[in-house]
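The values are calculated or read from the model by the stated rules, or taken from the named source; none is laboratory data. All figures in this text were calculated on a predicted structure; none of them were measured in a lab. Counting neighbours? That spans all protein chains shown, and the Cβs are built from the backbone with ideal geometry, glycine included.
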Amino acid sequence: MITCPHCDRANPPENRLCAGCGAALATEIQPSTADVEARVRQLLADGRKIEAVKIYRELTGASLAEAKEAVESLAQSHKSAVVQRNGCLGAFLGMALALGFATVMAARELVD
């Protein structure tokens with residue numbers, strides 16, 4: 001049996017989460033802090049904050065309040081590193097539109 005570090009409930013060894021409080025139970029291989037932060041930052045960059053909080057809780061065993069605070073802190077400290085999802089697409093569409101317009105205008109000049 002694995003004892004939950006948060007509520008002291010005994011859980012079967014196959015459980016990853018505590019049956020009593022839902023906290024992550026200790027496993028043989030714990031992810032590094034850098035791995036957890038990288039995963040959370042990727043989810044934040046994808047606009048999936050709620051999933052980032054859930055993953056943080058699973059990987060660290062933190063409470064909901066602790067996980068929410070940690071994820072918000074990561075989001076704030078890495079805010080400048082998050083790329084807007086439509087930045088490159090908007091530039092590409094603008095260039096394609098300009099090229100299309102120039103092609104149509106050139107074709108009209110050849111016809112006239």
Item checked: Flag for Leu25 being modelled with pLDDT of 90 or more, over 13 Å from the mean Cα position of the chain (by Cα) and either in the same structural domain as Arg9 (by TED's automatic domain parsing) or closer than 16 Å to Pro5 by Cα (or both) -> no
Next item on the list: Count, please, the residues in the range 7-61 that happen to be crowded, with 16+ Cβ neighbours inside 10 Å, in contact (Cβ under 8 Å) with a residue 24 or more places away in the chain and in a loop (DSSP other than H, G, I, E, B).
Entry: 3
Next item on the list: Select from the range 65-83 the residues that are aliphatic (A, V, I, L, M), at pLDDT 90 or above and surrounded by 14 or more Cβ atoms within 10 Å (Cβ to Cβ) and write down the one among them that is nearest to Arg41 (Cα to Cα).
Entry: Val71
